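Colleague: Can you read through this structure? Questions will come right after.
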Amino acid sequence: MDQIKAFISYSSLDKVKAGRLKVRLESLCGYQVFVAHDDMPGAEVFDEKIIKAIHETDIFIPLLSVRFKQSDYADQETGCAIGVGRKIIPIKLDNLNPYGLIRKYNAIFLVDNPPRRPDQWKWSPDNSTTVALSICVICMSVRQTSRLFSKAQESLTQALCGSASFDTSNSIIRNLSHCPHSFTEDQVQRIKKSAITNNDIIGAYGRPELLSILRGKYKCSID
């Protein structure tokens with residue numbers, strides 16, 4: 001099963017935040033993320049690449065800011081995503097609310113210098129971890145029969161199996177525990193294997209919760 005493909009649209013002046021969100025979505029959610037640029041050379045080739053990426057993406061994530069609204073490419077990318085019916089998840093970087101054809105969507109706020117969470121080992125310059133996990137929850141809250149949900153489950157499974165830090169494992173386990181639907185048998189077996197072989201899951205404080213889910217909800221036998 002494919003992973004979710006995400007397209008981040010932003011002003012080049014916000015490229016650092018776009019880059020951090022890309023990293024979080026890939027490591028915490030297992031998504032394949034395309035990051036756009038609004039001022040790259042070679043316009044014709046770039047335009048073709050952008051349009052192709054939007055057509056292939058599952059979710060479109062505009063990073064809303066005053067700079068975004070002033071960018072020629074950003075609004076065009078948004079219009080293209082709406083035109084091909086992609087799921088829109090706006091992120092606010094400042095006081096700019098979703099506008100135009102995306103004004104009906106609620107935005108998630110990405111803020112600088114957030115207070116450290118109790119489960120967070122390291123300081124973070126923004127709350128991109130929380131934003132990424134919120135996006136994951138949104139994608140796993142759609143209809144269970146939808147392709148987006150199936151891809152969200154597979155993405156999260158791959159993210160957990162490939163976790164490379166305690167923080168990452170804890171965050172993914174927290175999202176997995178809130179999933180309203182069941183994972184497939186194949187996914188459960190892969191998660192089980194990772195829970196007993198991946199040292200970054202074994203040493204995570206969230207592992208007992210993961211084992212409880214595997215034993216209780218999925219009836220897994222784990223020594």
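Colleague: At 1.4 Å probe radius, can you tell me the per residue accessible area of the chain in Å²?
Modeller: Result: 49 Å² of accessible area for each residue.
Colleague: Follow-up. Please list, in chain and number order, the residues 5+ apart from Asp126 or on another chain whose amide H is under 5 Å from its amide H, with Hs placed from the backbone.
Modeller: Under 5 Å from the amide H of Asp126: Asn113.
Colleague: Among Thr157, Thr129, Thr145, which one shows the highest mean-square fluctuation when the chain is modelled as a Gaussian network with alpha-carbon springs under 10 Å?
Modeller: Of Thr157, Thr129, Thr145, the most mobile in the Gaussian network model is Thr145.
Colleague: Sticking with this one: Can you give the calculated 222 nm mean residue ellipticity of the chain, where each DSSP H run of n ≥ 4 adds -39,500 (n - 2.57) and the sum is split over every residue, rounded to the nearest 500 deg cm²/dmol?
Modeller: Estimated from H runs of four or more residues: -14500 deg cm²/dmol.
Colleague: Which loop-located trypsin sites (Lys or Arg not before Pro) does segment 116-198 contain, where loop means any DSSP state but H, G, I, E or B and the Cβ has at most 15 other Cβ atoms within 10 Å?
Modeller: Arg116, Lys122, Arg143
Colleague: Whole-Hz ³J(HN,Hα) for each residue in segment 139-150, computed from phi via Karplus 6.51 cos²θ - 1.76 cosθ + 1.60 with θ = phi - 60°, x for glycine and proline: what do you get?
Modeller: Working through the residues one at a time gives 5, 8, 9, 7, 4, 4, 7, 7, 5, 4, 5, 4 Hz.
Colleague: Read phi for every residue in segment 69-85 and hand back ³J(HN,Hα) as whole Hz from Karplus 6.51 cos²θ - 1.76 cosθ + 1.60, θ = phi - 60°, with x for Gly and Pro.
Modeller: Once rounded to whole Hz, the list reads 5, 8, 8, 5, 5, 4, 5, 5, 4, 4, x, 5, 5, 5, x, 9, x.
Colleague: Of Lys52/Lys92; Lys52/Lys87; Lys15/Lys87; Lys49/Lys151, which sit over 19 Å apart, Cα to Cα?
Modeller: Exceeds cut-off: Lys52/Lys92; Lys15/Lys87; Lys49/Lys151.
Colleague: Separate question: Starting from 0.36 nm per residue, how many nanometres of slack lie between Ile202 and Lys69 once their C-alpha separation is accounted for?
Modeller: Working it through step by step, the gained length comes to 43.4 nm.
Colleague: Near the amide H of Phe109, under 5 Å away, which other amide H atoms are found, from residues 5 or more places off or on another chain, if H is placed in the peptide plane?
Modeller: Here the answer is Lys92, since their amide H atoms fall under 5 Å of that of Phe109.
Colleague: If amide hydrogens are placed 1.01 Å from N in the peptide plane, which non-local residues have theirs closer than 5 Å to the one on Phe34?
Modeller: Counting only residues 5 or more places away or on other chains, the set is Ala6, Phe7, Ile8.
Colleague: Past 31 Å, Cα to Cα, is the threshold; run Lys22/Lys104; Lys104/Lys192; Lys17/Lys217 against it and keep the listed order.
Modeller: Lys104/Lys192; Lys17/Lys217
Colleague: On to the next question. What length, rounded to one decimal in nm, is gained on full extension from His181 through to Ile82, with 0.36 nm per residue of separation minus their alpha-carbon distance?
Modeller: Separation in residues times 0.36 nm, less the Cα-Cα distance, equals 32.8 nm.
Colleague: Classify segment 85-192 as rounded, prolate or oblate from the Cα gyration tensor: take a ≥ b ≥ c as the square roots of its eigenvalues, call it rounded if a/c is under 1.5, otherwise prolate when a/b beats b/c and oblate if not.
Modeller: oblate
Colleague: Taking loop as defined by DSSP and a crowding limit of 15 other beta carbons within 10 Å, which trypsin sites (Lys or Arg not before Pro) in segment 64-105 fit?
Modeller: When the trypsin sites (Lys or Arg not before Pro) of segment 64-105 are filtered for loop state and at most 15 Cβ neighbours within 10 Å, Arg103, Lys104 remain.
Colleague: Based on Cβ point charges of +1 for Lys and Arg and -1 for Asp and Glu, what charge dipole magnitude is obtained for segment 140-200 about its Cα centre, in debye rounded to the nearest 20?
Modeller: 180
Colleague: Would you mind checking the tilt of helix 166-177 against the longest principal axis of the Cα atoms of the chain, expressed as 0 to 90 degrees and rounded to 10?
Modeller: 90
Colleague: A further question follows. Of Thr78, Thr57, Thr197, which has the largest mean-square fluctuation in a 10 Å C-alpha GNM of the chain?
Modeller: Comparing Thr78, Thr57, Thr197 in a Gaussian network model of the chain, the most mobile one is Thr197.
Colleague: Then there is this: Looking at Ile54, Ile8, Pro180, which one has the Cα that reaches farthest to the positive end of the dipole of the chain (charges on Cβ: Lys, Arg +1; Asp, Glu -1)?
Modeller: It is Pro180.
Colleague: Take the solvent-accessible surface of the protein heavy atoms, probe 1.4 Å, and return the percent of it on the chain that carbon and sulfur atoms account for.
Modeller: It is 53 percent, rounded to a whole number.
The values are calculated or read from the model by the stated rules, or taken from the named source; none is laboratory data. The shown structure was predicted, so the numbers you read here are calculated from the model rather than taken from an experiment. Ideal geometry is used to build each Cβ from the backbone, glycine not excepted, and the neighbour counts take in all protein chains shown. Only protein heavy atoms, including side chains, enter the accessible area calculation; ligands, DNA and RNA are left aside. Shrake-Rupley method; radii C 1.70, N 1.55, O 1.52, S 1.80 Å.
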